[in-house]
1. Assign one of three labels to the stretch 131-298, namely rounded, prolate or oblate, based on the Cα gyration tensor with a ≥ b ≥ c the square roots of its eigenvalues; rounded applies when a/c is under 1.5, prolate when it is not and a/b is larger than b/c, and oblate otherwise.
2. Using a ≥ b ≥ c from the Cα gyration tensor of the stretch 195-240 (square roots of the eigenvalues), is it rounded, prolate or oblate, where a/c under 1.5 gives rounded and otherwise the larger of a/b and b/c decides, a/b for prolate?
3. Could you tell me which of rounded, prolate or oblate describes the stretch 237-300, using a ≥ b ≥ c as the square roots of the eigenvalues of the alpha-carbon gyration tensor, with rounded for a/c under 1.5 and, failing that, prolate when a/b is larger than b/c and oblate otherwise?
4. Kindly put Val47, Val201 in sequence by how many other C-beta atoms sit within 10 Å of each C-beta, fewest to most.
Amino acid sequence: MDLVKIGKYIAGKRKNLGLTQKQLAEKLGMSDKSVSKWERGVCLPDVSLYFDLCSHLGISVNEFLAGEDIIHENIEKKSEENIISVVTDSKRKQKSLKYIICALLILSILTTAVIATSLYRGYRPMNFITPMDENSVEMQTVNLIAGPDGADTFKFTTTDRYAGIKIYYAKYHRGKLLNKEPIEIGFKDMDSPKNGGIIIVPDYDHAVIKLVVWTDAEAKASINLPLMEGVEGREYYIRSQIRIEGKSEILYDTEDVLLAWVYDKDEFKIPNLHDLLLGKTDAFSENEYVYLFSYEFYKK
């Protein structure tokens, strides 16, 4: 995110309302020094202040994070860009911190044995995918942008070369697979990206799911997928979600699970996601609907 651009936008909106920095600060329960830092692009407000600040300035959270007014037609596109920006900014900050720590470590370590161990750790293969921490500032910001139904965001890191990524979206009814479609992003004639993410944003009221796959190579795929589309009385269904937790190893040319939503009118049985991939669906015949997301990093 461009902090200077956001700061100028805050200042412009404040001045248009005829407010001083001190007056805006008082409305937010902050000091005018804090407002000054935001407007100079030194830092952003705490995420807990986003809604109040935007309300007082008469702007949306998306406009605040974009640092500009957004016309209605561009809202969805700008929301995507803001979510990706929040996630990638977090990754860059983590990298910068790692570089600083490594530099200090190398300067302070004098023995060849310890240096060799450090180098080994820095270059050993790392291939994993993990959900973002729901309590992190970045994930709280993503959920603000995503809307009332929130979002699920997964980050991946790879050191092996691969040809592309497939995200599978499967729908089950009473344990029977109704349809399964792949969303693919390939890296032909280019180095495969080492970092990226998968963002899944459900919109239950409008029966759609937004899926976004992004990488540090600036490759991106985005698509809207149906959720309980055409199901009569879907607002009366109860639902539950399960997803992978912790760090999961990426196994190339192998489909693996990511998350699922389960729907039923009464009570439901939480599925073993890997059983669904293996076709063992008899145990899930009690569930009215199951929507499963899975992924595959392929080399072939």
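1. On the way: a/c = 1.90, a/b = 1.43, b/c = 1.32.
In terms of gyration-tensor shape, prolate.
2. On the way: a/c = 5.28, a/b = 2.86, b/c = 1.85.
Cα axes put the stretch 195-240 in the prolate bin.
3. On the way: a/c = 2.87, a/b = 2.03, b/c = 1.42.
Note, shape of the stretch 237-300 comes out prolate.
4. Values: Val47 17, Val201 23.
Ranking Val47, Val201 by Cβ neighbours within 10 Å, fewest first, gives Val47, Val201.
Each reported figure results from applying straightforward, stated rules to the coordinates on display, with no laboratory input. This one's a predicted model, so the numbers in the text were calculated from it and none came from an experiment. Every residue, glycine among them, receives a Cβ derived from its backbone with ideal geometry; neighbour counts consider all protein chains shown.
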